[in-house]
Amino acid sequence: MKKLCTDAMHRVSTMYRFAVLIFLMAITLSPLLAQTAPEAQKKAVMDWVDEHQASFSEVAQSIWKWAELGYQEKKSSGLLQETLREAGFTIETGIADIPTAFVASYGSGKPVIGMMAEFDALPGVSQDAVPYRKERPDCTAGHACGHHLFGAGSSAAAIAVKEWMDEHEVTGTIRLYGTPAEEGGAGKVYMVRAGVFDDVDAMLHWHPGSSNSADAGSSLANKSAKFRFYGAASHAAVAPERGRSALDGVEAMNYMVNLMREHVPMESRIHYVITRGGEAPNVVPEFAEVFYYTRHPEMAEARAIFDRVVQAAEGAAQGTGTRLEYEIIHGVFNLLPNQTLGERMHANLSMVGGVDYTDEEVAFAKKIMESYPDKKVNPEDAASIDPFDVRERGGGGSTDVGDVSWVVPTAGMRAATWVPGTAPHSWQAVAAGGMSIGKKGMVVAAKTLALTAMDLFTNPELCKKAKAELNRRRGADFIYEAMLGDREPPLDYRK
């Protein structure tokens with residue numbers, strides 16, 4: 001009897017220790033298990049995107065064909081709104097006094113997860129969907145940055161998340177932000193300034209590219225303006241002494257700014273284009289205009305360089321006897337990295353995978369690659385995923401997503417919508433974006449954004465951690481102030 005009692009007590013003790021062990025493991029592992037939505041649900045959402053990719057590809061193709069410029073994207077914005085409205089979203093239009101800006105919402109309460117959608121094209125990059133240079137006779141613009149895919153892909157992701165929320169009774173709000181005029185118009189800056197992102201817990205975005213990546217990287221802050229010189233017209237041969245050349249003002253300004261390049265930080269970028277230079281050689285130009293961009297990884301330095309450019313313009317006007325006016329067109333912050341969200345997005349991109357080409361797409365890609373000065377790329381590179389990286393200081397380009405990232409924890413990715421090795425803003429980008437290669441990359445992005453949003457809905461701790469990282473990076477005393485000041489949206493800057 002004593003042995004039986006001892007054995008029973010031993011079994012009870014063992015079971016107790018086992019129960020305690022299970023309890024401790026549950027406490028330890030539960031945050032990790034809660035980090036992601038169930039894999040079966042993710043697979044179902046990816047299947048949904050595959051099943052509906054044809055309809056979203058049609059949306060993207062329509063926007064590609066229209067190729068509407070910044071703040072003029074009436075048909076493009078309208079098509080995305082119609083697509084989201086039919087899916088059950090509530091649409092609010094005319095955001096921040098911008099006719100083509102909108103917010104599409106579904107659900108209620110917290111968390112609020114946002115996705116961004118762009119849809120503006122670039123001027124002067126007309127191109128057909130063929131692997132050689134061929135301009136479209138019906139259009140002078142082109143989606144050389146792939147924003148037609150950006151808008152349609154983000155909409156697909158938002159609708160896929162909405163369907164998942166309905167099926168699994170997930171609480172919270174999913175929003176799609178239609179953001180016009182990213183290319184030099186800074187549409188998102190006016191939306192940030194208007195407070196439309198203030199209640200968002202996390203923001204997701206993507207961009208077309210020549211490879212697949214998701215990281216925590218920065219970008220260049222950017223401030224731009226159009227400098228307008230006013231002189232006095234006169235006959236350039238008969239009475240030149242009566243004239244004051246506005247073009248001289250532009251050229252004197254450009255000369256001084258080009259001298260200044262030696263005396264700015266090495267990461268700086270300054271570029272310009274003369275938009276008006278006069279009408280005829282025998283008429284002293286009465287009006288001339290030059291459009292400037294100044295960039296730097298730090299906002300304060302970009303502002304300081306811009307102020308020096310203004311001083312050069314003022315000196316040029318005084319020296320040439322002309323009058324100067326300048327209009328700030330846009331100003332954008334550098335992207336603020338968020339490693340918490342970036343790592344989660346990279347994990348989901350790795351789950352989705354890259355872009356696999358058919359034989360026809362390989363042939364298209366190889367033909368495109370013949371136009372590159374550097375041939376060290378392969379069509380197979382579109383299937384790979386770049387390793388995760390954290391880049392505190394930006395390089396390359398600028399984006400108005402930067403302003404959003406300073407007020408909301410933000411993560412982004414790139415998908416291989418272009419042939420590997422393609423440069424942005426090129427005819428090669430327009431060509432690939434108008435055929436199946438672009439659409440396949442769009443599907444990769446739509447799936448990745450949807451899966452990342454699911455993780456944020458199922459694990460509120462991710463949002464809290466991302467917000468804490470945002471506060472740490474921007475500082476406790478940060479107060480948002482747009483670089484472009486209080487100017488109204490430049491709705492005619494592309495006209």
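Quick notes on this one:
- The residues of the stretch 182-205 that are in contact (Cβ under 8 Å) with a residue 24 or more places away in the chain and on the phi > 0 side of the Ramachandran plot, listed by number, are G184, A186.
- Some residue of the stretch 155-164 being closer than 26 Å to S211 by Cα, touching a Phe, Trp or Tyr at 6+ places or on another chain (Cβ under 6 Å) and not in a loop (DSSP other than H, G, I, E, B): yes
- Cross-chain or 6+ apart pairs with Cβ under 9 Å, the stretch 112-125 first and more than 25 Å from F197 (Cβ to Cβ), then part of a strand (DSSP E or B): L122/A141; L122/G142; P123/A141; P123/G142; G124/A141; G124/G142; V125/A141; V125/G142
- For the stretch 196-236, residues that are among the charged types (D, E, K, R) and either within 22 Å of H143 (Cα to Cα) or assigned to a strand (DSSP E or B) (or both) total 4.
- Only a single criterion out of (1) modelled with pLDDT of 95 or more; (2) surrounded by 14 or more Cβ atoms within 10 Å (Cβ to Cβ) is not satisfied by Q318, namely (2).
- Flag for V362 being hydrophobic (A, V, I, L, M, F, W, C), touching a helix residue (DSSP H, G or I) at 6+ places or on another chain (Cβ under 7 Å), surrounded by fewer than 19 Cβ atoms within 10 Å (Cβ to Cβ) and assigned to a helix (DSSP H, G or I): yes
- Of the criteria (1) over 23 Å from Y326 (Cβ atoms); (2) of a type outside the set (G, A, S); (3) surrounded by 19 or more Cβ atoms within 10 Å (Cβ to Cβ), which one R242 fails: (3)
- In the stretch 75-95, residue surrounded by the fewest Cβ atoms within 10 Å (Cβ to Cβ) [restricted to those that are assigned to a helix (DSSP H, G or I) and β-branched (V, I, T)]: I95
- Any hit, the stretch 456-467, residues being more than 30 Å from E360 (Cα to Cα) and in a loop (DSSP other than H, G, I, E, B): yes
- Of all residues in the stretch 296-304, one or more are over 30 Å from M413 (Cα atoms) and surrounded by fewer than 24 Cβ atoms within 10 Å (Cβ to Cβ).
- Close pairs from the stretch 466-495: first more than 13 Å from W406 (Cβ to Cβ) and touching a residue at least 40 places away in the same chain (Cβ under 8 Å), partner of a type outside the set (A, V, I, L, M) and surrounded by fewer than 17 Cβ atoms within 10 Å (Cβ to Cβ), Cβ under 7 Å, at least 6 apart: E488/D97; P489/D97; R494/P123
- The stretch 258-300, residues that are within 15 Å of S219 (Cα to Cα), of a type outside the set (A, V, I, L, M) and not in a strand (DSSP E or B): E267, S268, P297, E298
- With respect to the conditions (1) in contact with a helix residue (DSSP H, G or I) (Cβ under 8 Å, 6 or more places away or on another chain); (2) within 30 Å of Y292 (Cα to Cα); (3) hydrophobic (A, V, I, L, M, F, W, C), A141 lacks only one, and its number is (1).
- Screening A415, A453 for residues that are of a type in the set (A, V, I, L, M), surrounded by 24 or more Cβ atoms within 10 Å (Cβ to Cβ) and not in a helix (DSSP H, G or I) leaves exactly one candidate, A415.
The values are calculated or read from the model by the stated rules, or taken from the named source; none is laboratory data. From a predicted model like this one, the values you see are computed outputs, not experimental measurements. Cβ: placed from backbone, ideal geometry, glycine included. Neighbour counts: every protein chain shown.
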